[in-house]
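Here's the structure, in structure tokens; my notes come after.
Please treat every number below as a calculation from the coordinates, not as lab data. Bear in mind the structure is a predicted one, so any value in this text is a computation, not a measurement. Methodologically, a virtual Cβ is constructed for each residue, glycine included, from the backbone with ideal geometry; neighbour enumeration extends over all protein chains shown.
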Amino acid sequence: MKIQFLGAAGEVTGSRHSVELTLAGRQRHFMVDYGMFQGGREATNKNIEPLPF
């Protein structure tokens, strides 16, 4: 199992947790608590950045 923390470090919103695991011999990948950044243009830019996978 691999868990990545992809957002909200030092911030209140924008939590994003990626979980990867093998289940019944198949690779699974899902997001948990996919929060959005709130605020002006900087927040919008963060929300539209591609994910690192």
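I'd like to know how the chain sits against the 2.2 N^0.38 Å rule of thumb: what's its Cα Rg over that expected value?
Scaled against compact globular proteins, the figure is 1.31.
Can you compute the helix-only [θ] at 222 nm over the chain? Use -39500 (n - 2.57) per DSSP H run of at least 4 residues, normalise by all residues, nearest 500 deg cm²/dmol.
Only helices count here, giving -4000 deg cm²/dmol.
Put a dot 7 Å past each Cα toward the Cβ at GLU20 and ASP33; how far apart are the dots in nm?
Output for this residue pair reads 2.1 nm.
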